[in-house]
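In what follows, a single structure is set out as structure tokens and then discussed.
The values are calculated or read from the model by the stated rules, or taken from the named source; none is laboratory data. All of these numbers come straight from a predicted model, not from anything done at the bench. So basically every Cβ, Gly included, is an ideal-geometry build from the backbone, and we count neighbours across all protein chains shown. Heavy atoms of the whole protein, side chains included, go into the accessibility calculation; ligands, DNA and RNA do not. Shrake-Rupley method; radii C 1.70, N 1.55, O 1.52, S 1.80 Å.
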Amino acid sequence: MTGHIGNMLYSMREEIGISQKELAGGLLSIPELSRLEKGEKTADKVLLEALFQRLGKSLDKLETAMSQEEYQIVFLRTCMLESLIKKDHRCVEALLGEYRLCTGEQKVLHRQFLQMMQAVDRYVQNHIAEECMEALTQALELTVPKWKPEKGRRYYLCVQEIRILLLICYLMMETEYFKTAENYLEVLFQYLEDHYTDGEEKAKIYPQCAWLLTEIYLKQNETGKAYKICRQGKACLVQNGVLTLMEEFLKLEIKCLKKLEKAEEQPELVHELEAIQFLSQFAGEKPPLEKVCYFLMTSQQSEVVISNEMIREFRLAQHLSQEALSADICTQETLSRIESGKRSPNRNNLYAMMERMGSERKTYYGFIVADDYSLYEKVRLFKREASRGRNEEAHVLLQELEESLDRNILLNRQFLETAWLQEQWSTGRISEEHAIQKLEELLQYTMKEYDGEIHRIPFRQEFVILNQIARCMRRSGNVRGATDLYKQILGRYGNSRVLKQHHAVSLFLLYINYTGYLEVENRLEEAELIGREGIRLTMDCQRGDIAGKIMGNLSCVYEKKDGQENEVLAETCMRYSYYILKLYEDDFEHTKEYYQQKYETGRH
């Protein structure tokens, strides 16, 4: 590795022009931040995420290796939200108690999270807004003392802090303090517009702010302002494929258009609203029983690996004994406890063991290794352009990455060579057979044990290569080989202690392709099972764009199955797949063309 995540924090902070005092305020001391930036101190994921967010950036572009103990905190947060949405208060209370035991309430962000969740849970039970507002204000003051809207732009806030402010605004609206809420929201909205420059992170909180502002403007009969803000909030969801609040925005947009007497734009929005509602029904999901839960929901694009599990998988994949791996690093007993999740690996020991197994992996990494965060953003943009068939734009970005990345680093070389090879294959300059051979060579840069069998969970770039191998197999007619490969990969993810939503970036592609390839093989029951499993994952991660693609593939499955019910499902899924993909501006013309050819309804 050329550097560490502290370098990245330091560079971003300096570039934006934020002092250590401003960034650290309420979260950690200035000396602690200084040590973190120098690489002398580590930070848990919750703190590091908050620091990135205060800089307007997303940690989700990096894969995170964390101990079993640290992952338990992430897991408890996920379970707590699910229980709150279902209004299962006993479960929420039990999870809060377990969270206290795991964190010891020593770190301020954990205390703040606990206070926020307790306050919201009590509100869902008794609907006493004033009591909840007071508790939330106390929670906010743990990291942001005496927040005032007139000084709003002088603060640097993480998502958790903004979430608390939005909850307070929502409760103000419930108690008729519209002008105060409007004042708060306008400041927050402009802050997010100016400061949250990372689209992924902005989409976690900006739409909620826009939603409340739209509601306020409509109640005050300021329809023009309401429509403008509504469109901005919806656009943020569209750009990032996010499902959270999309139904609410479509309803508000239709309401605004009716008031503005713009009837011609309403029918298409009604179709899109029906499609989103059908998606929830198809997935067996219901909207939150309380709207207050929308402020806690967010899209998921993070990638998490449990370091305990990673060490064990690497060791077994390379047929190493615990004794051979631990020699001169730690005792065999210590390694045994690490692999069973009973002990967290020491950072230096973790790096030493990974190095012994021939891996450059450390705690934070991504598709590439660089200290410049903008390069991670460029990689994401490159992947988006390539996936949407914008080949010229993708080519330019790849050239820029080639000039910026250090090829002496194995992970960078693997990323660049894979991307160039993919470009050659997609334009027909090399055959499928040649592409598979080269891809397998590239995979073995980091997955040295690969022999046609997958012995551990692949990292993001390794999955990209495996997915390309499967696509080449499919193109060459070896559909069974492709589906067998996907089955192996899915099995590896399924055996992990990590929830599938924390492997979402890879699994989205897998579910889309796996469903489609099984349908080509006429393995229809398996295809439906995998497709529905993929739809459930998109709901867990709140990704509407991916759900639309999987639904399109499922339509082809139902089309082949016997029975009137399947016939109806095939037409309905294809029609709503079109409207969802159109809503998210994602390859909808192909779906529209197929639908018109097959069903000839003239509805589009």
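Expressed as a rounded percentage, what relative contact order does the stretch 244-332 have, with Cα pairs under 8 Å and six or more residues apart? Present the calculation step by step, with values, prior to reporting the outcome.
Values: 30 pairs, mean separation 20.8, N = 89.
The value is 23 percent.
Can you list the HN-Hα couplings for the stretch 92-100, worked out from phi with the Karplus curve (6.51, -1.76, 1.60; θ = phi - 60°), rounded to whole Hz and with x for Gly and Pro?
4, 4, 5, 5, 4, x, 5, 4, 4
Counting alpha carbon pairs within less than 8 Å and at least 6 residues apart, what relative contact order, in whole percent, applies to the chain?
14
Order the peptides 500-508, 281-289, 116-124 from the highest to the lowest mean number of other Cβ atoms within 10 Å of their residues.
Per-residue Cβ counts within 10 Å, averaged per peptide and sorted highest first, yield 500-508, 116-124, 281-289.
Take the Cα of residue 487, step 7 Å along the line toward its Cβ, and report every residue of the stretch 518-534 whose backbone nitrogen sits under 16 Å from that point.
Residues 518-531 qualify, since their backbone N sits under 16 Å from the label point.
For a quick check of your reading of the filter: which GluC sites (Glu not before Pro) in the stretch 232-282 sit in a DSSP loop and have no more than 11 other Cβ atoms within 10 Å?
Values: sites: 247, 248, 253, 261, 264, 265, 268, 272, 274; in loops: 261.
Filter output for the stretch 232-282: 261.
Using a 10 Å cut-off on Cβ atoms, rank the peptides 19-27, 157-165, 172-180 from the highest mean neighbour count down. Kindly include the intermediate steps, with their values, before the conclusion.
Working: 19-27: 17.4, 157-165: 24.0, 172-180: 15.2.
Highest mean packing first, the order is 157-165, 19-27, 172-180.
Which entry in [x] 160; [y] 184; [z] 217 is this structure's computed volume of the Cα convex hull per residue in Å³?
The calculated read-out lines up with [x].
At a Förster distance of 41 Å, what's the computed FRET efficiency of residue 42 paired with residue 176, Cβ-Cβ distance as r, to 0.05? Intermediate results must be reported in sequence, preceding the final value.
On the way: r = 47 Å, r/R0 = 1.15.
That gives a FRET efficiency of 0.30.
For residue 327 and residue 127 in the same chain, what is the full-extension length gain: residue separation times 0.36 nm, less their Cα-Cα distance, in nm? Kindly include the intermediate steps, with their values, before the conclusion.
On the way: separation 200, 0.36 × 200 = 72.00 nm, distance 5.91 nm.
This chain segment gains 66.1 nm when fully extended.
Can you list the trypsin sites (Lys or Arg not before Pro) in the stretch 283-350 that are in a DSSP coil and have 13 or fewer other beta carbons within 10 angstrom? Could the numbers behind the result be given before it?
Values: sites: 291, 312, 315, 337, 342, 343, 347; in loops: 342, 343.
Answer by residue number: 342.
Karplus couplings for the stretch 421-432 from phi (6.51 cos²θ - 1.76 cosθ + 1.60, θ = phi - 60°), rounded to Hz, Gly and Pro as x?
5, 4, 5, 4, 5, 5, 9, x, 7, 9, 7, 4
Report the number of Lys pairs in the stretch 61-182 whose alpha-carbons are under 25 Å apart, with separation of 8 or more residues or on distinct chains.
Working: 61/107; 107/146; 107/148; 146/179; 148/179; 151/179.
Eligible lysine pairs with Cα atoms under 25 Å apart amount to 6.
Among 512-521, 33-42, what's the highest-first ranking by average C-beta atoms within 10 angstrom per residue? Working shown, then result.
Numbers: 512-521: 22.0, 33-42: 16.5.
Order by mean packing, descending: 512-521, 33-42.
Under 5 Å between amide hydrogens, which residues at least 5 positions from residue 242 or on another chain qualify, with H placed 1.01 Å from N in the peptide plane?
Under 5 Å from the amide H of residue 242 lie the amide H atoms of 544, each far enough along the sequence or on another chain.
Give the long-range amide H neighbours of residue 306: residues separated by 5 or more places, or on another chain, with amide H under 5 Å away, using H modelled in the peptide plane at 1.01 Å from N.
The answer is 66.
Mind grabbing the accessible area of residue 127 for me, 1.4 Å probe, Å², rounded to tens?
Looks like 90 Å² after rounding.
Where Lys and Arg each count +1 and Asp and Glu each count -1, what net charge lies around residue 568 among other residues with Cβ under 13 Å from its Cβ? Write out the running numbers ahead of the final one.
Values: positive: 561, 575; negative: 559, 562, 565, 567, 571.
Around residue 568, the charge tally is -3.
Count neighbours as other Cβ atoms within 10 Å of each site's Cβ, and list the chymotrypsin sites (Phe, Trp or Tyr not before Pro) in the stretch 518-604 that are DSSP loop with at most 12 such neighbours.
Filter output for the stretch 518-604: empty list.
Over the stretch 429-557, what relative contact order in percent results from Cα pairs under 8 Å that are six or more residues apart?
Working: 128 pairs, mean separation 25.9, N = 129.
Once normalised by length, the contact order is 20 percent.
Sorted by accessible area (1.4 Å probe), largest first, how do 71, 184 line up? Could you put the intermediate results ahead of the total?
Working: 71 5, 184 40 Å².
Of 71, 184, the descending order of accessible area is 184, 71.
Counting only DSSP beta bridges with both residues in the chain, what percent are antiparallel, rounded to the nearest 5? Kindly include the intermediate steps, with their values, before the conclusion.
Details: 4 of 8 bridges.
Within the chain, antiparallel bridges account for around 50 percent of the total.
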